[in-house]
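Heads up: the structure comes next, in structure tokens.
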Amino acid sequence: MPGRVAREIRSRARRVGREIRSRALRVGREIRDRARRVGREIRDRARRVGREIEIVPGGPTRSTHHRRSTSENGNVLTEH
């Protein structure tokens, strides 16, 4: 029966692709949950200390952090 092998390969590829996609979605969800949890802990700690902090989504990446620390006092080697 021609095309049977090809059909089996396609169905297997589809199944594997579905598994990979679902795993990727699950991992992404776990990472977001962890980030949310960490952000919440940081905010709680800041509130206990008594200063309110604003956490912007996509916040201090390396470049913005670096730029901020240089512009504040002209010293490159602060808070890295």
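All of the numbers you see were taken from the coordinates with simple rules; none came from a lab. Owing to the predicted nature of the structure, the values given are computational and were not obtained by experimental measurement. Glycine gets a Cβ as well: all are built from the backbone with ideal geometry, and neighbour counts include every protein chain shown.
For the reader, a short list of remarks on this structure follows.
- Segment VAL16-ARG40, extension gain: residue separation times 0.36 nm, minus the distance between their alpha carbons: 5.0 nm
- Charge tally around ARG12: other residues with Cβ under 13 Å, Lys/Arg +1 each, Asp/Glu -1 each, net +4.
- In Hz, Karplus ³J(HN,Hα) per residue of segment 18-29 (6.51, -1.76, 1.60; θ = phi - 60°; x = Gly, Pro): 5, 4, 4, 4, 5, 5, 4, 4, 5, 4, x, 5
- Net charge, LEU25 excluded, C-beta distance under 12 Å - Lys, Arg +1, Asp, Glu -1: +4
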